[in-house]
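Enquirer: Have a look at this one.
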C-alpha cells in the first residue's frame, strides 16, 4: 500500500500516534463529529503535548543534535552513527537521519495543536471556559515553531488542519520573520487566557507564555521587550508560585514536581518495556550515563553524549553546580572508581567508553522505576524553562538597554547565591564561589551572563541556541574552544541546519538553506 509521508500530512489526527496516511483513508472522524465538548478540545491538546515526549523530539532525535552541536557535549568516538558525527563535527549533510526523523515529529505536535484550535470553534461553550484550554494549544504550536525557526530559519507555517492534500503537497517555506510574528501572536493568546498557575508544571501557565515571549524577543535581539516580559514574571513570582529552588540538585530529582523553579517541563511518566518503546521514554538517561555503572541501579548508561575534559576542567570545583552536573565516579562490581578508569575492563569498566566525567542531570536521583531500560523508564522531568533562566534573560536584556544596571547584576547574583549555598549533593557544604558580580561594563557583563547561562543551564538543550543567536561559532569552535577546533565550521552556513532532503524530493517547492 502506497503511503505518503509529507510533513503536511502530519495533521492533528496524529494524536493517535500515526505518522503515515494511506492513500485511501477510511474511518477517520470528521472534526464536527469529534469536537462536541470542551473535553474533546483537551484530548486534542493532550495529543500535542504527548508527541513532545517521543524519542523523535525531546528525549533523543532532537535533543541529541542540540547537545552535540554545542561546545559543551562531545561524542563518544567509538561506534557512533554518521548522523551524530555530523552534528558533533559541525559538518551536517542534508540527508542527516536525525533531522529527517524529528522534522515530521515537530509537525505532528503542530498538527495536533491546529486540530485543537480549529475544533474549538465547533464547540458551543463560553470563551471563558474553552479558551484556557485552547491557549494550551497555542502555546504548544508556538513552542514547536520556536524550535523549528531557530534551527532552520524559513519553514513551512501551517496554522490550520490540512484538508487539501494537493495544495499541501506544494507548500513553500514561510519567511522567518513571519514565523516569529505568528509565534508571538500564539504566545500572546496564551498569556491572555492561561491561568496564573496549573496543577502541574507540564501544563503551561501564564508564566510559561510570558517567559517564552521574553526568550523569543531575546533571540530576536529586541531587548526592551525581552526585559519587559521577563520582569513581568519576576514581579509576579508570588502570584505565579515561582522561585529559585534552594538546592540546585532538587531540579533533577524524581520529586522535582515539588520545586517552585520549573516553569514549563516535559514530564516523563515511567514507561516500561511493555509500553510503546518510543513514546514517553527518557533517552537522555542512558545516552549520558556511564556504561556499566551500578551506582543508580539502572544497569548503566550508554556513554554516548560526554563532555570534553575542558568542560569539566575549566569549571571551578567550588561551584556546587559542578557537583550536580557531573558524575566523575562510577561503581563497577560494587567498587567505586574515578573517571580515569571508566574504560578499565579489569575493574568492570567498558572498553569502548570514555575516561571522562559524564553528565549527571539525567541519571542521579531520577526515579529508579525501570532499571532494565537503562534509565529510559524514569519519571524525570526535562526542564524546558525555569525561573533561573528568566532571571538571566532579564539580566542580559537589561544590560543591552541600560548598561551597568545594579538591577541586572542583582538577577545574576540571586542565582550565584544559590550556587554558593551548596546542597544535598555535597552534604550542604557552602562556598565563597561564584562571587557576586558588580560594576561590570556592558561588554564584560554580556560576556559574563552568557557564561553564566552556559554553566547554570548546562546540558539542558540551551547552549547551541545561545551560540547561534549571539553568533559565537568562530570563537567557541576555534582551537581555544572547549572541544578544540571544528575546522569545518562555516559562519555563512552553520547557524542553520539543512532542510531535510527527503522533504525537498517530495516537494520541490521547499528550497534548501545556503551551503547545503
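We did not get these values from a lab; they are worked out from the coordinates using the rules stated. Bear in mind that the values here come from a model prediction, so they are computed numbers and not experimental data. Cβ sites come from the backbone with ideal geometry, for glycine too, and all protein chains shown count toward neighbours.
Enquirer: Tell me, 247, 443 in order of fewest to most beta-carbon neighbours within 10 Å?
Expert: Placing the least packed residue first, the sequence is 443, 247.
Enquirer: Going by how many other Cβ atoms sit within 10 Å of their own, how do 361, 130, 199, 121 line up, fewest first?
Expert: The order, fewest Cβ neighbours first, is 199, 121, 130, 361.
Enquirer: Hey, with R₀ at 41 Å, roughly what FRET efficiency would residue 428 and residue 188 work out to, going by the Cβ-Cβ distance, to 0.05?
Expert: Given R0 = 41 Å and the Cβ-Cβ separation, E is 0.45.
Enquirer: Do the sum for the chain: with -39,500 (n - 2.57) for every DSSP H run of n ≥ 4, divided by all residues, what is the mean residue ellipticity at 222 nm, to the nearest 500 deg cm²/dmol?
Expert: That comes out to -12500 deg cm²/dmol.
Enquirer: Shape verdict for the range 108-205, please, from the Cα gyration tensor: rounded (a/c under 1.5), prolate (a/b greater than b/c) or oblate.
Expert: oblate
Enquirer: Which three extents, in whole angstrom, do the alpha-carbon atoms of the chain cover along their principal axes, largest first?
Expert: Principal extents (Cα only, largest first): 61, 53, 45 Å.
Enquirer: For the range 164-302, just say rounded, prolate or oblate: build the C-alpha gyration tensor, square-root its eigenvalues into a ≥ b ≥ c, call rounded for a/c under 1.5, and beyond that prolate if a/b exceeds b/c, oblate if not.
Expert: Since a/c reaches 1.5 but b/c is at least a/b, the shape of the range 164-302 is classed as oblate.
Enquirer: Moving on to the next point. So, in Å, what gap is there between the alpha-carbon centers of the range 192-221 and the range 145-190?
Expert: Cα centroid of the range 192-221 versus Cα centroid of the range 145-190: 20 Å apart.
Enquirer: OK, next. May I ask you to work out the translational diffusion coefficient for the range 278-331 at 10 °C, viscosity 1.306 mPa s, via Stokes-Einstein with Rh from the Kirkwood sum over Cα pairs, reported in whole µm²/s?
Expert: This corresponds to a translational diffusion coefficient of 128 µm²/s.
Enquirer: When you have a sec, figure out the Kirkwood radius of the range 42-193 from all distinct Cα pair distances and drop it here in Å to one decimal?
Expert: So the Kirkwood estimate lands at 16.7 Å.
Enquirer: May I have the convex hull volume per residue, in Å³, for the Cα set of the range 373-516?
Expert: Per residue, the Cα convex hull of the range 373-516 comes to 198 Å³.
Enquirer: Can you tell me the orientation of helix 387-401 relative to the chain, as the angle in degrees between its alpha-carbon axis and the longest Cα principal axis, to the nearest 10?
Expert: 90 degrees
Enquirer: Could you give the angle, 0 to 90 degrees to the nearest 10, between helix 38-52's Cα long axis and the longest principal axis of the Cα atoms of the chain?
Expert: 40 degrees
Enquirer: Before anything else, pin down the relative contact order of the chain: Cα pairs under 8 Å, at least 6 apart, normalised by residue count, whole percent.
Expert: Normalised by residue count, the contact order of the chain is 18 percent.
Enquirer: Return the FRET efficiency for the residue pair residue 478, residue 443: r is the Cβ-Cβ distance, R0 is 25 Å, and the value is rounded to the nearest 0.05.
Expert: According to the calculation, E is roughly 0.85.
Enquirer: Starting from the Cα-Cα distance between residue 224 and residue 82, subtract it from 0.36 nm times their residue separation and give me the gain in nm to one decimal.
Expert: This chain segment gains 46.9 nm when fully extended.
Enquirer: Fewest Cβ neighbours within 10 Å first, please rank 435, 379, 305 accordingly.
Expert: 435, 379, 305
Enquirer: Packing-wise, with mean Cβ within 10 Å as the measure, how do 44-50, 221-227, 111-117 rank, highest first?
Expert: Output ranking for 44-50, 221-227, 111-117: 111-117, 44-50, 221-227.
Enquirer: Please figure out what share of the DSSP beta bridges in the chain is antiparallel and state it in percent, rounded to the nearest 5.
Expert: Around 95 percent antiparallel, to the nearest 5.
Enquirer: I need the shape label for the range 291-390. Rule: rounded when a/c is under 1.5, else prolate if a/b > b/c, else oblate, with a, b, c from the alpha carbon gyration tensor.
Expert: oblate
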